[in-house]
Each structure stands twice: as C-alpha cells, then as structure tokens.
Amino acid sequence: MPPASRLILLAVFAAALAAAFWRAPEAAATAFSPPPEAAKSELPSLYASELLTQPANLAGRPSLAELPDGRIAAAWLTEGEDGPIIRFSVRERGGWRPSTAIADRAGTAGGAFAYVGEIGPPVLYAEGSWLHLWYASRTLGGSINHSLSTDGGRNWSRPSRLQTSPWANFGGGVRAAPVPLADGGLGLVIGHGFAGRHGEWLRLAATGGIVDKLRLPATSVTAQPAMAVLDAHSALAVQPDAEGRLRPLTSVDDGRHWLAGEALTGPDAKAPLALLRLRSGRLLLAGNRSDGRPGVGLWLSADRGKTWVSALGIAPPAERAAYFANPALLLGRDGLIHLACDRRRQGIVHVVFSEAWLDGATP
C-alpha cells in the first residue's frame, strides 16, 4: 500500500477513535431543578382536539412550549420549495395564528458557514422570556443547531452549532425538550450517529454552550431518547436499545451516571417518544402503538417508571382510523396536558386533556 494511502487510513482511524471517546472537559456537577411537589389535580375530566395546521405536504414532527403569558407555541417541520422548513405558530384566544418560517437550509447554512443538505425536526423550550429552538442539520453527518428568540418567536437569532463532536461536528440529532438545572443551565438528551449510534447527555450553560457531556448506556439506538426529571437528583430517560426494545435509563446523581433498567413493553421502540412528569408526580409516556392499532398510545407510571399501565390512545372520534404519530408533550402551568402529533403526515393535531381524563381512560 502506498505511504499516502496508509497515512489516510491512519488519520481516518484516529478520527473515528477520538470521536467515539471524545467528551467535553468535566465540570462540577449540578443538581436538576426539582419539579413541584406532587399534588392531586383539581381539574375536571376534559379532552379537546383541534387541527393546528391545514393539510400540507409532509407537515409533521411538532414540538410545544408555553410562553410566559400562558400562550402555547408550536413548531413543526414541513416541506418548502427548497427543502424542509421549520414553521412556528402561537395559539391566541381565537385559535392558532398563521404560521411563519423560522428556519430553513439557507439560514442554517449562513449560520454555520457551511453547505446544508437538509434540516431536521424542531425542539422548542421556553425559559423565562427566552424561547429556544434546537434542530439538526445534515451535510455529511448530523449537527445540532441552536437559535434564540426574546420576543415570543417573532424574531430569531442566527443559528449556531453545538460542538458535540471534535471532528467536523458530525453526528448529532435532537428530539426531546431539555430539562432545567439548578445552576440555571439545561440538560439535553440527544442521539449521536457518528462512529456508532448512541444516546448522549449534554449539560448546557445558561447561554447554551456545552459544559459537559457523556454517553448514555446502550451502543445503538433507533430513535431519539426522551427524558423527565423525578426530583432534585434523579431523572429518567427512555430510549430504544440495539435489540429494538424500549430501555429505561435512570440517574440518581445529577446526571453523572446512567443505569439501564429492564425493557418496557407497549410503545413502538422504532418511533419517536415523549415523556412527561405530571402534576400528581406520575409519569406519562406517549408513543406510537406497537400492537398495530392506529393512533398515539399513552402509558402511565406511578412508581417512577418501574411499571406502566396503558391509557386510551389519542385520536379524534371522527378519525379513529387516521394515522397519528410523532407525539410531543407539554404540561401547562395550569395543569392541563398538551399533546401535538402528526395527522396522516399531512398536518398537525393539537390535543388538550386533564389528568382526570387520563384516570377515567385507564383500564
């Protein structure tokens, strides 16, 4: 083999090895921002659904956030003339206002100073007056981009890339909303697809930069992890493992270490998931059904994710045969649960319900 070829092979091997084991410099641990004390919800049983968007080409994969004034914001991925576009809307008193485009290939390429082949689904998160947006973009490998709005989504900063890998920043994907940390930063679980597919835990500073990162258990994943905080020091994440099973991952030391538990049954382990801690302290998991029935399935746990019971799926009565997928969950400050999902991949459905409705629906 020519010397030049050997050098190229050695360089590629060294890059892959470094990417597999690279992590940001370690920082002092910080606790999770503890959720409110568990309390019984006084809301009556209620359930309502509406179309967030009119049918559109490949509109789907939504994300939800609650603005400081209580309005609900949503972002989703749709198809534009020049490729995928992330669109944004806010629910006013009279319903969802007309959507606006907040991210596309051209703007992402301008922020990264690099060619962008396509962009991925959005993740919204409201933190005080700041509204965060994360989404993946792909050139040769996936990268995670972050943009910020300080006026409720009307204007957005130029997207910047998170440095999740030392080699061309390839391999990142994001689907689950972050969780707040006690030091004012955020914890974000991501998928990583460069030098092996696996989940990762990122600790972000209040300004959005990476403070620390570590690999989650399981060497291969088929969908992005989802996560919820249990108390000031404990959190639960769920992700598919290499065998196609849904595996719970638990940390009891502020996210410094994660342990895999016994595989769960119920959701489709190959599809996106959403996880939420409810006001009562129970956990709600949403995902595609694995029993062949249409719609998004719901599962409840009252023991911190050890066991789960099935609740009714989400689908408006007139459309029980419709295909619903890619759920996103949000707990409003009033205790109401918001869920958004694809509707036949031709639009977005927004559903609002209470814990009392869930209790009535549980067999």
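The values are calculated or read from the model by the stated rules, or taken from the named source; none is laboratory data. Bear in mind the structure is a predicted one, so any value in this text is a computation, not a measurement. Ideal geometry is used to build each Cβ from the backbone, glycine not excepted, and the neighbour counts take in all protein chains shown.
Tell me the residue from Thr53, Thr30 that is surrounded by 13 or more Cβ atoms within 10 Å (Cβ to Cβ), modelled with pLDDT under 85, under 25 Å from the mean Cα position of the chain (by Cα) and closer than 30 Å to Lys213 by Cα, please. One residue alone meets the criteria, Thr30.
Restricting Pro294, Pro240, Pro267 to residues that are at pLDDT below 80 and farther than 21 Å from Val174 by Cβ narrows the list to Pro294. Taken together, the residues in region 140-151 that are assigned to a loop (DSSP other than H, G, I, E, B) and either modelled with pLDDT under 90 or surrounded by 17 or more Cβ atoms within 10 Å (Cβ to Cβ) (or both) amount to 2.
A quick yes/no check of all residues on (1) touching a Gly at 6+ places or on another chain (Cβ under 6 Å); (2) of a type in the set (Ser, Thr, Tyr); (3) in a loop (DSSP other than H, G, I, E, B); (4) within 24 Å of Gly199 (Cα to Cα):
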| site | (1), (2), (3), (4) |
| --- | --- |
| Pro84 | no, no, no, no |
| Arg91 | no, no, no, no |
| Ile119 | no, no, no, yes |
| Ala126 | no, no, no, yes |
| His132 | no, no, no, yes |
| Ser137 | no, yes, no, yes |
| Gly153 | no, no, yes, no |
| Arg158 | yes, no, yes, no |
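For the condition modelled with pLDDT of 90 or more, assigned to a strand (DSSP E or B) and of a type outside the set (Val, Ile, Thr), Leu312 does not qualify. No other residue among Ser137, Ser89 is buried (at least 20 other Cβ atoms within 10 Å of the Cβ) and touching a Lys or Arg at 6+ places or on another chain (Cβ under 7 Å) apart from Ser89.
Of all residues being on the phi > 0 side of the Ramachandran plot and over 19 Å from the mean Cα position of the chain (by Cα) in region 319-346, which is modelled with the highest pLDDT? Just the residue, please. My answer is Gly335.
One residue stands out among those in region 347-363 that are among the aliphatic types (A, V, I, L, M) and either over 19 Å from Leu285 (Cβ atoms) or modelled with pLDDT under 70 (or both): the one that is nearest to the chain's Cα centre (by Cα), which is Ile348. For region 177-195, a residue qualifies if it is at pLDDT 85 or above, buried (at least 19 other Cβ atoms within 10 Å of the Cβ) and assigned to a loop (DSSP other than H, G, I, E, B), and the qualifying residues are Ala177, Pro178, Gly185. Going by the structure shown, is Pro166 in contact with a helix residue (DSSP H, G or I) (Cβ under 9 Å, 6 or more places away or on another chain) and either at pLDDT 85 or above or among the polar types (S, T, N, Q) (or both)? Judged against the criteria, Pro166 is not a match. For region 207-227, state whether one or more residues are at pLDDT 85 or above, closer than 16 Å to Pro178 by Cα and within 16 Å of the chain's Cα centre (by Cα). There is at least one residue in region 207-227 that is at pLDDT 85 or above, closer than 16 Å to Pro178 by Cα and within 16 Å of the chain's Cα centre (by Cα).
Hey, among Ala65, Ala126, Ala106, Ala75, which residue is out of contact with any helix residue (DSSP H, G or I) (no Cβ under 9 Å at 6 or more places or on another chain) and modelled with pLDDT under 90? So the residue among Ala65, Ala126, Ala106, Ala75 that is out of contact with any helix residue (DSSP H, G or I) (no Cβ under 9 Å at 6 or more places or on another chain) and modelled with pLDDT under 90 is Ala106.
Residues of region 62-77 include none that is over 24 Å from Ala228 (Cα atoms) and among the basic types (Lys, Arg).
Across region 86-102, not a single residue is classified as among the small types (Gly, Ala, Ser), on the phi > 0 side of the Ramachandran plot and free of Cβ contacts under 8 Å to residues at least 40 places away in the same chain.
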